[in-house]
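S.K.: I have a structure here, written as structure tokens, and I will follow up with some questions on it.
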Amino acid sequence: MKKLLLLVALFAFAFTFQAEAQMKVKKFGISLGQDWDMLPGLSTETILRKTDGRLSQDLESFFDLPNSSQYSSACDNPNFRLSLVFEPERWRNVELHTSGVFIFNRMDAVYLYDNDNYGYSNLNIILHGNEIDAEAVLLKRVPVFGFLNRKFFNLYGGIGSNVGYQFGNYISVRGHNQTFDPGRQGNFRDATYINDYTDITDGVSARVFAQVGYGITFFRKLELGFEARYGAGLRHNFMTNTDFTNLHSVAFNMKYVLGNRMSRAERELKRIEKAERSTRCNWESYKRCQGW
């Protein structure tokens, strides 16, 4: 309930901010990253709750082995973002990053294994899915290093949220259960195989997070950066259940900066510096020619 209230409060703040602030488009770009949107306590029960009872019955022979245990789990969420960055005219060094987020072939996986003198079992249960999100992140920019009153290395920090729609969800199961004759150790007696794909319902998701990162601007137009996130959220599948998640995320981004031209004073200063360098070079060449 606390996480849900936090989501609602953050969304309300974002909409109020956008309504009151006069903003102009500052950048646009893309990013590639990896999310670990982990289901706490990821297990076979967590995944199988999203299906009917048929699949659980088919897997009983794998779960009944005395030494069967979960030996690992994984969460793999590669993502791609298209971003548009706004700059509020009233707030100095503040940016609002809005993005469309695309997650394809997300996998939440559980792997079980059992091996003793009486048999061998190997079972992989994987929840697959896709997701499209709308995202907003409010960031404070802290200029760190530069020249000519222009900082090309900036640090970023702030908060954000996204909401999304999940589709194309299904569970894949692959397993092999083999037993041996106790009287003839090592001799094959029986084997069971399973290779199953079960579709599950679409769903919705929402998250809140804190974000930090940095950006380096080249030629006043191209910004390359890195960002990291930490937060919480929820995923709900229609007609089944809702799971809260813990979010860890990293991404590399590239943005094109709009309207970041030199001022008239900066252009004049650069022209003077160029003329001075040219004068010094000509004087040095003249002295060399005269043998000085």
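The values are calculated or read from the model by the stated rules, or taken from the named source; none is laboratory data. In this text the structure is predicted, and so the values were computed from the model without any measurement. In this analysis, Cβ positions are derived from the backbone assuming ideal geometry, glycine residues included, and neighbour counts consider all displayed protein chains.
S.K.: Is segment 174-190 home to any residue that is at pLDDT 85 or above and surrounded by 14 or more Cβ atoms within 10 Å (Cβ to Cβ)? Spell out the reasoning first.
M.R.: In the first step, residues of segment 174-190 are kept if they are at pLDDT 85 or above; the result is 174.
Imposing the further condition that a residue be surrounded by 14 or more Cβ atoms within 10 Å (Cβ to Cβ) reduces the set to 174.
Checking segment 174-190: at least one residue is at pLDDT 85 or above and surrounded by 14 or more Cβ atoms within 10 Å (Cβ to Cβ).
S.K.: Now, a different point. Quick check on this structure: which one of ASN115, ASN105 is at pLDDT below 90, assigned by TED's automatic domain parsing to the domain that holds LEU32 and on the phi > 0 side of the Ramachandran plot?
M.R.: Working: ASN115 fails: on the phi > 0 side of the Ramachandran plot.
Just one listed residue meets the conditions, ASN105.
S.K.: Same structure, new question: Checking ASN260 against (1) surrounded by 14 or more Cβ atoms within 10 Å (Cβ to Cβ); (2) at pLDDT 80 or above; (3) among the polar types (S, T, N, Q), which single condition isn't satisfied?
M.R.: All conditions pass for ASN260, except number (2).
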